[in-house]
Each structure stands twice: as structure tokens, then as C-alpha cells.
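Working notes, beginning with the structure itself.
The values are calculated or read from the model by the stated rules, or taken from the named source; none is laboratory data. If you're wondering where the values come from, they're calculated on a predicted model, not measured in any experiment. Methodologically, a virtual Cβ is constructed for each residue, glycine included, from the backbone with ideal geometry; neighbour enumeration extends over all protein chains shown.
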């Protein structure tokens with residue numbers, strides 16, 4: 001048990017960057033933290049840290065050992081949170097922002113279910129296709145699509161959404177069905193301006209990149225779907241948008257080619273992770289979103305969304 005405690009303490013010292021900061025976060029004295037790490041080094045018979053009056057750095061042995069210690073420390077913290085969740089009921093307001101179309105179809109129903117489970121939680125929900133600043137806007141949580149940009153925000157991957165290239169049968173009858181990726185570039189597209197105009201398709205390990213353009217550009221996912229349904233061109237759509245449509249409304253093109261899925265993340269300020277209500281909401285979304293037929297989440301990732 002002493003060694004396990006030392007491993008957790010060592011991981012927290014590395015993450016904090018100093019004994020003093022690790023002690024402050026742990027609520028114990030600096031001397032106790034230093035003593036635990038020293039005992040750990042003595043038991044292992046190796047030096048884990050280079051110490052100076054101003055800084056700490058990992059030795060080669062410390063770098064390897066830290067990876068194992070981090071896993072143990074994270075698991076211990078997660079277990080503690082789960083136990084707290086069983087014995088505590090979340091209360092208070094959670095402010096969340098999400099894109100309009102996906103929010104209405106997928107996030108709002110889950111938020112409604114979450115409130116039925118935890119009625120003492122108050123929700124403030126803003127649906128917008130604009131990237132808002134979480135700190136300035138006072139938000140606890142944002143649901144955003146990757147890839148995420150570098151920032152000081154934290155993030156957890158919730159799920160992956162498969163994407164498909166679609167068009168109406170009427171459009172394809174008039175302009176023809178593309179037989180290969182190269183022919184896609186010759187078609188009109190309904191362009192979603194919040195995503196790149198470059199599309200990568202893969203089959204048998206070979207990647208083909210095309211650039212798309214068209215007469216309609218929009219920054220709203222719901223509008224994109226309506227323009228595609230109106231026959232204005234091809235669209236790169238999340239697969240779940242087809243589920244609510246009558247069969248045959250849209251035709252999926254080049255199904256033998258793979259498109260990179262769209263990863264969805266819960267993005268939040270570092271301090272929000274200490275809130276039980278925010279943690280439980282993120283856990284709930286990570287559990288329930290994949291049940292809607294999307295790929296399951298792969299766990300925690302470091303953030304990096306420009307907010």
C-alpha cells in the first residue's frame with residue numbers, strides 16, 4: 001500500500017511540476033510529499049527525479065515509471081469519483097453550448113433524460129453554430145466536433161460519427177452518379193463552411209483527396225441537409241441525419257470508400273472538472289451517445305479546442 005501511495009504521489013508531483021504544488025492540491029504538507037517520493041526511490045533503488053532549488057525533471061527511469069504511475073493514479077481518481085457519484089446527488093446549474101442541429105436531435109433529448117435522473121440540476125442550454133468562448137461566456141461545457149485546436153481547455157471524446165456522401169435520386173438522375181472519387185469533384189456540392197472543402201476517401205489502403213465546391217455554402221448543419229434534400233448538390237453528411245428520413249430520400253454514394261469519422265468532444269474549462277454535476281453530465285453523455293448507433297468513445301483525451 002505504501003508503494004501504491006508513493007506511485008500516486010509521484011505521478012501528481014510530475015503533473016504539478018513541484019512538490020509544493022502537489023502538496024497544495026493534495027491538502028498535505030510539502031515534507032510529506034517529498035518523503036513519499038524519496039521512500040519510493042529507495043524501495044525501487046533508482047532515482048526518479050532530478051531535483052534543484054528551482055525545478056524538477058524526470059530521469060530516464062522516471063520517464064518510463066511515470067507512465068505506469070499515471071495509469072494507477074487516474075484509475076484511483078476515477079474510482080473515487082464513481083464512489084462519490086453513488087453517494088452524492090448533483091445539484092446546481094450547468095451551462096452548456098452545442099451546435100443547433102446536432103444539439104436538437106441528439107444532445108437535448110439526453111439532457112432531458114439526465115434532468116429526469118437528477119432533478120436538482122438546472123440546465124442553461126445555448127444552441128448555436130458559432131464557436132463561443134467558454135470563459136467569457138461563463139459556460140461549463142461545450143459539445144464540439146474535432147479535430148480540436150490547441151487551447152488551455154480540457155476535452156473528453158464522447159463518440160465518433162460516421163459520415164457519408166449523399167444526394168437525392170432526382171439530382172443523380174439529372175447529373176449522373178459518380179463512379180469514382182475523381183468524378184465527385186465535377187459535381188455541385190452543398191458546402192458546409194465550418195468544415196474543410198477537402199475530402200479524403202480511402203479504399204484498400206489507398207487514399208484519394210478531392211476538393212469540392214458548389215453554388216450553396218452554409219454554416220448551419222440543418223440548412224445543409226435541407227439544401228441537399230432540395231437537390232442542389234451532393235452533401236457530406238453525418239450518417240445519423242439519414243436515420244430520420246424516409247427510405248430512399250437520399251442515396252449514399254461510393255459506399256466502398258471510407259471517410260474519416262467525425263469525433264465529438266465534451267470541451268470544458270480546467271476548473272469545471274472538479275464539479276460533480278459537470279463530471280456526471282459528461283459521463284452520462286459519453287455513455288448514452290454511442291447507444292444511438294454511433295461508434296463508442298475511446299476514453300479521455302487531452303483537449304485542444306480554440307474557444
For this session: Select from segment 253-290 the residues that are more than 30 Å from residue 187 (Cβ to Cβ) and outside any helix (DSSP H, G or I) and write down the one among them that is modelled with the lowest pLDDT.
Result: 275
Seminar exercise, completed: Scanning segment 232-252 for residues that are in a loop (DSSP other than H, G, I, E, B) and over 11 Å from residue 168 (Cβ atoms) gives 239, 244, 246, 247
Seminar exercise, completed: residue 171 passes all but one of the listed conditions (1) free of Cβ contacts under 8 Å to residues at least 12 places away in the same chain; (2) surrounded by 19 or more Cβ atoms within 10 Å (Cβ to Cβ); the exception is number (1)
Problem set entry | Residues (within 13 Å of residue 8 (Cα to Cα) and either touching a helix residue (DSSP H, G or I) at 6+ places or on another chain (Cβ under 6 Å) or not assigned by TED's automatic domain parsing to the domain that holds residue 9 (or both)) located in segment 26-38 | 33, 34, 36, 37
For this session: With respect to residue 107, determine if the residue is surrounded by 18 or more Cβ atoms within 10 Å (Cβ to Cβ) and part of a strand (DSSP E or B).
Result: no
Exercise. What is the residue count in segment 209-231 for residues that are touching a helix residue (DSSP H, G or I) at 6+ places or on another chain (Cβ under 8 Å), touching a residue at least 60 places away in the same chain (Cβ under 8 Å) and in a loop (DSSP other than H, G, I, E, B)?
Worked result: 2
Problem set entry | Scope segment 115-142; condition buried (at least 20 other Cβ atoms within 10 Å of the Cβ) and closer than 30 Å to residue 258 by Cβ; matching residues | 142
Seminar exercise, completed: The condition of being over 30 Å from residue 266 (Cβ atoms) and modelled with pLDDT under 85 holds, among 59, 53, only for 53
Exercise. Which residues, taken from segment 100-129, are in contact with a helix residue (DSSP H, G or I) (Cβ under 7 Å, 6 or more places away or on another chain) and either free of Cβ contacts under 8 Å to residues at least 40 places away in the same chain or not assigned by TED's automatic domain parsing to the domain that holds residue 280 (or both)?
Worked result: 123, 125, 127, 128
Exercise. Going by the conditions given, is residue 22 assigned to a helix (DSSP H, G or I), surrounded by 13 or more Cβ atoms within 10 Å (Cβ to Cβ), at pLDDT below 85 and not assigned by TED's automatic domain parsing to the domain that holds residue 274?
Worked result: yes
Seminar exercise, completed: Taking segment 44-67 and keeping residues out of contact with any helix residue (DSSP H, G or I) (no Cβ under 6 Å at 6 or more places or on another chain) and in a helix (DSSP H, G or I) leaves 44, 60, 61, 62, 63, 64, 65, 67
For this session: Determine which member of the set 97, 132 is touching a residue at least 12 places away in the same chain (Cβ under 8 Å) and not in a strand (DSSP E or B).
Result: 132
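Okay, residues lined up against (1) in a helix (DSSP H, G or I); (2) within 19 Å of the chain's Cα centre (by Cα); (3) more than 30 Å from residue 234 (Cβ to Cβ):
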| site | (1), (2), (3) |
| --- | --- |
| 116 | yes, no, yes |
| 136 | yes, no, yes |
| 148 | no, yes, no |
| 156 | no, yes, yes |
| 164 | no, no, no |
| 171 | yes, no, no |
